[in-house]
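Trainee: Mind looking over this structure? Questions follow.
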Amino acid sequence: MRTYLDHNATSPVRPEARDAMLAALDLHGNASSVHEEGRKARALIESAREQVARALGTIAPTVVFTGGGSESCNQALRCVKADRLIVSAIEHPCVLEAARAAGRPVDVLPVTEEGVVDLSALASLLAKADGRILVSVMLANNETGAVQPIRDVVALAAQHDALVHCDAVQALGKLPVNFGLLGVDLLSVSAHKLGGPQGVGALVIRDGLPVAPLVAGGGQELRRRAGTENVAGIAGFAAAVRAAGENESDFRNLQAKLEAVLASGPGDVTVFSRGVERLPNTVCFALDGLEADTALMSFDLDGIAVSSGSACSSGKVQASHVLKAMGASEAATKSAIRVSLGWSSSVEDVNRFSDSWQKIAARHLAQAAAA
C-alpha cells in the first residue's frame, strides 16, 4: 500500500474533477466554431470561467485559462509592460527564469531567516528604481509553506505606481485566495495542486491592464492566449475549485501531528519557517547529516512518497535555492525533506510516515555514531 504525501508537487485528481473531464470529452466541437457542437464547448468553458472567477473573488473576463502555472507566471512577467522587475529570492523557478528571460533589469528581493520577504528591502528597491516596476512575490512558498505579506507588498508598490504579480499556485485550495482582497494586478493559479488535472491553470488580470499574449496565433481567450482551449482540462479545473470550496480540508491537526513526530523522534530535527505563518499542509524539515536523496529512497522503499525541498525536472535532488536564500547551511539545503498533505490525506498516512521516519532516522544516527 502506497502513502502519498507530496501534494505540493501534484495532488491526486479529485473524483469530481475526473467526472467533469470525462463528461467534457464527449463534447467534440471546437469552442471557436459557430455550430451547435462548438457552442456547447464554448458554454462549458464560460461556465468554468465563471466558477473559477467566483472562487477567486473576481469577474469572469479577468480570467485567462493557460496551460498551467508556469505559463501563467511567464505571461505575467514577460508580457506586461515594465522597465524593471523585482522578484523575491524564494520564487518558484518558473518565475525566476521568466524574469531572466524578460530582457529587463531584475532586482532580487531578499528574505528573512524564516523565509518571509524583507519589506524594508522592498521599500529601498522601489525607491531607487526608475520607470515602471513589476514586483512578483508568491502568496505561499512551495517548499517551506511560508505565507508572504502580499497586502503589505501591494501597499508599498502602490506608493511607487508599481504593478504586483502574485504566484498563488501553491496557496489555492489551502488558503483563502481572493484577487480583489489581495489587491494585486496579476495572479497565477494552477489546477493540479488542489486535485484538478495537470496542464491547465489561469492568469487573472486586473480589469483594464494590457497584457500581451505569450502564445500568439488565434483570438482565443479575448486575444490574450492563442490556441484551441483544453476543454476537458478547464472543466476539471473548475470542478476541483468547486470541490475544494465545498469540502474545505483542515490540515492543521495532521500538520501538528507530523511535527510532533519529528520533535519526539530520533535526532535534532529542524523545521523550516516554523516561526511564521505557513500553509497548513506543509512541513519542510532536515536532520543533520541525513541527505535528502538517501531519505527519499528509504521512504520510497517503505511505500511513502515525499519530496526534497526542491527537485529539478529530471527528478534529481538539488540543493534548495529557497533555503539558501534563508541563510540555511549548505548541509541543511541538501538534507531538506518536504511532506505535503492534501485533500486525500488521513491520520493513517501520518502514522505510516511516522513509523518509516523512526526507522530511517534511527538508522542514520546509528551509522553516524559508528563512523
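Trainee: Starting from segment 274-294, keep only residues that are closer than 17 Å to Leu5 by Cβ, then list their pairs with residues that are aromatic (Phe, Trp, Tyr) whose Cβ atoms are within a distance under 7 Å, requiring at least 6 positions of separation or different chains.
Mentor: Filtered contacts from segment 274-294: Pro280/Phe251; Asn281/Phe251; Cys284/Phe272; Phe285/Phe272.
Conditions tested, residue by residue: (1) in contact with a helix residue (DSSP H, G or I) (Cβ under 9 Å, 6 or more places away or on another chain); (2) free of Cβ contacts under 8 Å to residues at least 12 places away in the same chain.
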residue: Gln318; (1), (2): yes, yes
residue: Leu323; (1), (2): yes, no
residue: Lys334; (1), (2): yes, no
residue: Ile337; (1), (2): yes, no
residue: Arg352; (1), (2): no, no
residue: Ser356; (1), (2): yes, no
residue: Lys359; (1), (2): yes, no
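Trainee: Among residues belonging to segment 335-371 that are in contact with a Ser or Thr (Cβ under 7 Å, 6 or more places away or on another chain) and small (Gly, Ala, Ser), point out the one that is farthest from Asp293 (Cα to Cα). Please lay out each step first, then the result.
Mentor: Just the residues of segment 335-371 that are in contact with a Ser or Thr (Cβ under 7 Å, 6 or more places away or on another chain), to begin with: 336-338, 340, 342-343, 349, 352-353, 360.
Now drop any that are not small (Gly, Ala, Ser), which leaves 336, 340, 342.
On the way: Ala336: 9, Ser340: 17, Gly342: 23 Å.
Of everything passing the filter in segment 335-371, Gly342 is farthest from Asp293 (Cα to Cα).
Each value in this text was obtained by applying a stated rule to the coordinates, not by laboratory testing. Note that the coordinates shown come from a computational prediction; the quantities given were computed from them, not determined experimentally. Glycine also receives a Cβ, built like all others from the backbone with ideal geometry; neighbour counts cover every protein chain displayed.
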